[in-house]
Every structure is written in C-alpha cells, then in structure tokens.
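J.: Right, I'll just put the structure down here and ask away after.
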Amino acid sequence: MSFSPQSKVWVYQSNRAFTDNEVTSIQQKLNDFAAQWKAHGHQLNAKAEVLHHFFIVFTVDEASAGVTGCSIDASVRIIKEIEQEYKVDLFDRFNMAYKVDDKVIVTNKEDFETLVSIKKVGPKTVVFNNLVQTLDEFQNKWEVPFEQSWHSKVFAHLL
C-alpha cells in the first residue's frame, strides 16, 4: 500500500513500553481495524502500526476517501479499547519521549524538565514530535533533535 506525503497521521504514545506479546496482539487488532475502517461507507486507504513498543500510528491517504468525524471517532474508540485492555495511557500529552542510544524512554513533563536542566537531555537528544499531522511531517519531523523540535521552545529557559 502506498501513501501520499500529504496523508493524515495520528500518533498515540503509551506511558509504558508494550511487551513483545502485547505488540503482536495490538498490531493484529490494528490490522483488523484498518482493514475495515470506513468513512460514510467508503473504505479508507489506511494503516495502523505499533512503533518502538511505545507508539501507535494511524495513517490515512485521503485520495480515495476522506476521514470524517465518525471515522476519527472509530479510531479513538479502538485506542480507548487498547488503553483499557493493556492498562496504559495513550492520551497524556504531557508524557515526553526521547532516545538514549536508540532506546526510547518516556517520562512525565516534570522529570523531563529536570533532565533538561541537568543536561541529561540536550540540543542533540532525539525527541519525538507527536504533533506531526501528515506522512511527510511524520517521516521528516517525528524523530528530531531537541533543538529542532517544539520541545526546545517550551523548555528553552532550562538550557
């Protein structure tokens, strides 16, 4: 399946890493959902995937059918089901994700601020910008150095 660079993207970040078994199970649930995901009766050109054991990413190419409020609601319902089944939080936007030696770490905003202030997270630290909205942004601006992300503006006073 190919997707245009302007395809819509939604990123949900877990507050903890999924186990390998959970990733397999969640991915199957997401595959089943994407295969039947429709907007006003039209099949969406969509995929959903678990990345880095922390992220669930939905991608929809609107060339054939556009997403609607009802179809977005359906995707939110599946995310809420995953939250309940796996006892995770996928909606807390105050959790920050970053990398240390290719390992993803998720922490709360207060701990992240501390890490920035004590220089454990710095300008070159790779952070995850879950605010991306298109596939192009996802591919080019999702994993970026702290200094190139919105994080550097919010936490600038700590650098």
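J.: If you place +1 on the Cβ of every Lys and Arg, -1 on the Cβ of every Asp and Glu, and leave all else neutral, what size is the dipole of region 86-159 about its Cα centre, to the nearest 20 Debye?
T.: 140 debye
J.: In the P(r) worked out for region 4-144, what percent of Cα pairs fall beyond 28 Å?
T.: So the portion of pairs separated by more than 28 Å is 20 percent.
J.: Can I ask one more? Please give the calculated 222 nm ellipticity per residue for the chain, where each DSSP H segment of at least 4 residues contributes -39500 (n - 2.57) and the sum is spread over every residue; nearest 500 deg cm²/dmol?
T.: Numbers: 5 runs with 56 residues, N = 159.
Taking each H run of at least 4 residues, the total per residue is -10500 deg cm²/dmol.
J.: How much accessible surface area, in Å² rounded to 10, belongs to the heavy atoms of Thr19 with a 1.4 Å probe?
T.: Probe radius 1.4 Å; accessible area of Thr19 about 70 Å².
J.: Per residue, how much accessible area does the chain have with a 1.4 Å probe, in Å²?
T.: Values: 8570 Å² over 159 residues.
Ligands and nucleic acids excluded, the result is 54 Å² per residue.
J.: If the reach is capped at under 21 angstrom between alpha carbons, list the lysines near Lys99, excluding any in the same chain fewer than eight residues apart.
T.: Reachable lysines: Lys109, Lys119, Lys120, Lys124, Lys141, Lys153.
J.: Another question about this same structure. What full-extension length gain, to one decimal in nm, is calculated for Val100 and Leu158 as 0.36 nm per residue of separation minus the Cα-Cα distance?
T.: 18.9 nm
J.: Relative to the longest principal axis of the C-alpha atoms of the chain, give the angle of the C-alpha long axis of helix 69-86, reported between 0 and 90° and rounded to the nearest 10°.
T.: 60 degrees
J.: Let me ask something else. So how much slack lies between Thr19 and Glu147, counting 0.36 nm per residue of separation and subtracting their Cα-Cα distance, in nm? Please list the in-between numbers first.
T.: Values: separation 128, 0.36 × 128 = 46.08 nm, distance 3.07 nm.
Taking Thr19 through Glu147 to full extension adds about 43.0 nm, to one decimal.
J.: With contacts defined as alpha carbon pairs under 8 Å and 6 or more residues apart, what's the relative contact order of region 10-53 in percent?
T.: 42 percent
J.: Further, regarding this structure: Taking all protein chains in place and a 1.4 Å probe, what share, in percent, of the accessible surface of the chain do carbon and sulfur account for?
T.: 51 percent
J.: Lys47: which aspartates and glutamates have alpha carbons under 14 Å from its alpha carbon, excluding same-chain residues fewer than 8 sequence positions away?
T.: Asp32, Asp61, Glu62
J.: Just name one of Asn31, Gly122, His157: the one whose Cα is farthest towards the positive end of the charge dipole of the chain (beta-carbon charges, Lys/Arg +1, Asp/Glu -1).
T.: It is His157, whose Cα lies furthest towards the positive end.
The values are calculated or read from the model by the stated rules, or taken from the named source; none is laboratory data. Remember, predicted model here, so these are calculated numbers, not experimental data. Heads up, the Cβs are rebuilt from the backbone with ideal geometry, glycines too, and the neighbour counts pull from every protein chain shown. Areas reflect the complete protein model, heavy atoms only, side chains present, ligands, DNA and RNA absent. Shrake-Rupley method; radii C 1.70, N 1.55, O 1.52, S 1.80 Å.
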